[in-house]
Each structure stands twice: as structure tokens, then as C-alpha cells.
Amino acid sequence: MTRRPPTSYAPLTAALTEAVARGVTVDIVVETLEGAGGLLSGREPADAFSRIPGLRLWHWPTGQRPTPGSRLHAKLAVADDRILFLSSANLTAAGAERNIEAGVVLNGGPMPGRIADHIRELQRRGVLARWPGV
């Protein structure tokens, strides 16, 4: 049985739209159907975010992955290099409303900035690439 990619989750979409409208730079990294290797079916997961103007979508191209079968499974958010949210939850209705998930918020300290720097470095080196569909 294949899992379907996320559809837009209205509270998340609204929050991201409002953040972009305030001038916040919003980068989202999504798994792709190709990258999931058959574990997802239906529409591209990036489609859930495609209607948010100004949002920057990224993906991990299969050609950048160290071995076949490598998956994008990180679930985190960094705000202003100061706040880190790290979770087991997918950013979907199921992750927010139906599943048992766990997460932690770190406010301050070195880790939020270090994680943000790591993501920026992956973008700079081309390990993460801009999603061409948006």
C-alpha cells in the first residue's frame, strides 16, 4: 500500500501565507514522488505549498543522494536562527490532528542557528535544489 502525499493543510497554509506577507523568508524542503521511490502516490508533495506566493520550495534531487533508496525524512522548522522546532510529525492534517507525534521547541542557544546554517550550506552546495514547479 502506498501512502498519498500531503494535501494542503489549511492552518499551515494560512500561517505560511501570512508569514510571507510580513516579509518572512520561508524555505520549505519537500520529498518528491521520485525521491520517495514508490512510497508516495498521487500528486507531488510540493503541490500542497504551490499556491503560497513568495514561498521558496526546495527538494533533494535523487542525483545528490548518496545511495539509491535514501529518503528525505527531516521534519523541522527554524525561525530567525533562534527557535528550532524538531518533530516526528509530517506537516499534514494527519500529523497535526490524528497521529500520535512528538516534538520539541528549542528557544535560544546554539542549535537553531547551527541547523539553519546547515540547511543554507546544503542549499549553497546544491545538495538541496529549488523545486522547478513553483
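The values are calculated or read from the model by the stated rules, or taken from the named source; none is laboratory data. The model shown is predicted, which means the values in this text are computed figures rather than measured ones. Cβ atoms come from the backbone with ideal geometry, glycine included; neighbour counts cover every protein chain shown. Quick note on the areas: whole protein, heavy atoms, side chains included, nothing else; ligands and nucleic acids left out. Shrake-Rupley method; radii C 1.70, N 1.55, O 1.52, S 1.80 Å.
Checked against (1) touching a helix residue (DSSP H, G or I) at 6+ places or on another chain (Cβ under 8 Å); (2) closer than 25 Å to GLY109 by Cβ, LEU72 passes all but condition (2).
Yes/no per residue for (1) open to solvent by 50 Å² or more (accessible area, probe 1.4 Å); (2) under 17 Å from THR92 (Cα atoms); (3) in contact (Cβ under 8 Å) with a residue 24 or more places away in the chain; (4) not aromatic (Phe, Trp, Tyr):
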| position | (1), (2), (3), (4) |
| --- | --- |
| GLY23 | yes, no, no, yes |
| VAL29 | yes, yes, yes, yes |
| THR32 | no, yes, yes, yes |
| LEU40 | no, yes, yes, yes |
| SER50 | yes, yes, yes, yes |
| PRO53 | yes, no, yes, yes |
| LEU57 | no, yes, yes, yes |
| TRP60 | no, no, yes, no |
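Which count do you get for residues in the stretch 83-134 that are closer than 21 Å to LEU55 by Cβ, in a loop (DSSP other than H, G, I, E, B) and modelled with pLDDT of 90 or more? Residues meeting the conditions: 4. Scanning the stretch 74-86 for any residue that is of a type in the set (Phe, Trp, Tyr), closer than 23 Å to ALA14 by Cβ and surrounded by 17 or more Cβ atoms within 10 Å (Cβ to Cβ) turns up nothing. Considering (1) open to solvent by 60 Å² or more (accessible area, probe 1.4 Å); (2) without any contact (Cβ under 8 Å) to a residue 40 or more places away in the chain; (3) farther than 19 Å from TRP131 by Cβ, the lone condition that PRO11 does not fulfil carries the number (2). Within the stretch 44-93, the set of residues being among the charged types (D, E, K, R) and over 16 Å from the mean Cα position of the chain (by Cα) comprises ARG65, ASP80, ASP81, ARG82.
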